[in-house]
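The values are calculated or read from the model by the stated rules, or taken from the named source; none is laboratory data. Since this is a predicted model, take the numbers as computed values, not measurements. Glycine gets a Cβ as well: all are built from the backbone with ideal geometry, and neighbour counts include every protein chain shown.
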Amino acid sequence: MKLGLLIYGSLDTLSGGYLYDRMLVDYLRAQGDTVEIISLPWRNYAAHLTDNFYNVIASAAKQSPSGGKFDVLIQDELNHPSLIAANRRPHPYPIISLIHHLRCSELRPKWQNDFYRIIERKYLHSVDGFIFNSQTTKGVVNGLMDHGKPSVVAFPPTDRFGEAISEEEIITRAEKLPLHILFLGNVMERKGLHTLLQALTILHPSSFILDIVGSLTTDPTYAKQMQDFVMVNGLSSVVHFHGSLNNQPLIEKLKAAHILVVPSSYEGFGIVYLEGMGFGLPAIGTTLGAASEVIEDGVTGFLIQPGDAHSLATKLQGMNERRDLLIQMSIAARSRYKRQPTWNQTASEIRDFLQSFLS
């Protein structure tokens with residue numbers, strides 16, 4: 001197959017969504033398919049909407065080796081504000097939207113989400129089919145529009161680290177003090193770092209260490225607010241910002257931690273929860289979005305209401321005081337990870353789905 005993948009910015013961007021896109025490209029190329037990346041520049045939402053005044057796909061595709069001659073064009077739904085008018089123009093190939101989550105599903109004032117919902121609905125009507133990363137995302141789209149378009153649910157890649165840790169290592173690690181907490185995600189408001197930091201002000205500083213791994217440049221204003229919060233509240237000796245990490249440095253942080261906490265206001269799936277479970281880390285997420293597809297409350301982690309710092313503090317204190325419970329949940333988390341389909345299985349389903357548009 002000759003495929004195009006349309007994204008904003010670089011495919012090497014460190015986030016769960018871009019990891020999905022990147023590994024999908026690697027898989028398809030390994031099967032002998034040609035995949036060309038069409039990159040549109042990152043700007044703000046209003047500027048992206050102005051792309052609809054011209055055929056942004058045609059203009060960008062001219063720069064590709066094939067000149068835009070694809071069998072199928074895949075679009076990361078993140079690019080939706082740029083593509084509505086271009087998708088409605090005649091095109092010689094089916095357009096498939098790869099949806100990690102809808103912008104209008106995020107936690108924000110209703111009037112803003114009402115606006116985003118109008119734009120996203122127009123975009124969703126302009127494509128020929130969908131790749132969903134979770135049943136939750138599929139349900140949100142189906143609730144937004146009665147489409148009847150072909151689709152596939154293909155869970156994200158969570159097995160890139162393989163067999164990361166043994167049960168014996170999990171048990172030995174659980175005995176170590178203090179409680180080692182890991183936050184893994186870009187430092188932006190939706191990921192909920194402020195909720196975690198607020199929870200830590202309730203606990204005794206000697207009872208925990210927090211490692212924050214994620215980009216400090218995605219939302220620099222918010223990142224600075226979080227760094228200032230740590231300073232003002234006397235947490236600098238126990239809270240450490242590491243910026244983005246990948247491969248071995250990231251593996252070391254995952255192996256060192258006892259628990260993963262990413263209290264996002266919304267996740268379309270939450271690759272990070274399952275990746276942490278591969279290292280035997282119980283996960284704490286929130287009740288909004290698809291975290292509940294991964295985290296079984298009270299078994300492999302906990303689900304709290306978005307922004308509920310007091311409940312989060314209670315969960316963390318309980319895990320610190322009950323190391324037997326920590327071990328039990330850590331082993332359950334690892335078992336949950338091992339039940340997840342492999343990436344090759346789900347990527348194969350995506351490829352079969354794409355090929356169905358050629359017949």
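A few points about this structure:
- Residues satisfying the stated conditions in segment 265-277, i.e. out of contact with any Gly (no Cβ under 7 Å at 6 or more places or on another chain) and at pLDDT below 95: Phe269, Leu274, Glu275
- Meets criteria (of a type in the set (Phe, Trp, Tyr), assigned to a helix (DSSP H, G or I) and over 17 Å from the mean Cα position of the chain (by Cα)) for Tyr222: yes
- For segment 1-37, a tally of residues being within 18 Å of Thr217 (Cβ to Cβ) and over 17 Å from the mean Cα position of the chain (by Cα) returns 0.
- Residue satisfying all of: in segment 274-309; hydroxyl-bearing (Ser, Thr, Tyr) and in a loop (DSSP other than H, G, I, E, B); surrounded by the fewest Cβ atoms within 10 Å (Cβ to Cβ) among these: Thr287
- Within segment 201-223, one or more residues are β-branched (Val, Ile, Thr), surrounded by fewer than 20 Cβ atoms within 10 Å (Cβ to Cβ) and at pLDDT below 95.
- Within segment 109-122, the set of residues being within 21 Å of the chain's Cα centre (by Cα) and surrounded by fewer than 21 Cβ atoms within 10 Å (Cβ to Cβ) comprises Asn113, Tyr116, Arg117.
- Meets criteria (under 21 Å from Glu189 (Cα atoms), under 21 Å from the mean Cα position of the chain (by Cα), touching a residue at least 12 places away in the same chain (Cβ under 8 Å) and outside the structural domain of Met23 (by TED's automatic domain parsing)) for Phe269: yes
- Meeting the requirement of 2 or more residues that are in contact with a Phe, Trp or Tyr (Cβ under 8 Å, 6 or more places away or on another chain) and more than 25 Å from Val187 (Cα to Cα), the strands (runs of 3 or more DSSP E) wholly within segment 1-120 are 2-8, 72-76, 95-99.
- Filtered residues of segment 165-218 (kept if in contact (Cβ under 8 Å) with a residue 24 or more places away in the chain, in a loop (DSSP other than H, G, I, E, B) and within 18 Å of the chain's Cα centre (by Cα)): Gly185, Asn186, Val187, Met188, Gly192, Gly214, Ser215, Leu216, Thr218
- Look at segment 90-113: where a residue is more than 18 Å from Ser356 (Cβ to Cβ) and assigned by TED's automatic domain parsing to the domain that holds Ser134 and a partner is of a type in the set (Phe, Trp, Tyr) and surrounded by fewer than 17 Cβ atoms within 10 Å (Cβ to Cβ), sitting 6+ places away or on another chain with Cβ atoms under 9 Å, you get Arg103/Tyr45; Cys104/Phe115.
- Each residue in segment 1-23 was checked for being among the aliphatic types (A, V, I, L, M), farther than 14 Å from Leu78 by Cβ and modelled with pLDDT of 90 or more, and 3 pass.
- Out of Thr158, Thr136, one residue alone is surrounded by 21 or more Cβ atoms within 10 Å (Cβ to Cβ), modelled with pLDDT under 95 and in a helix (DSSP H, G or I). It is Thr136.
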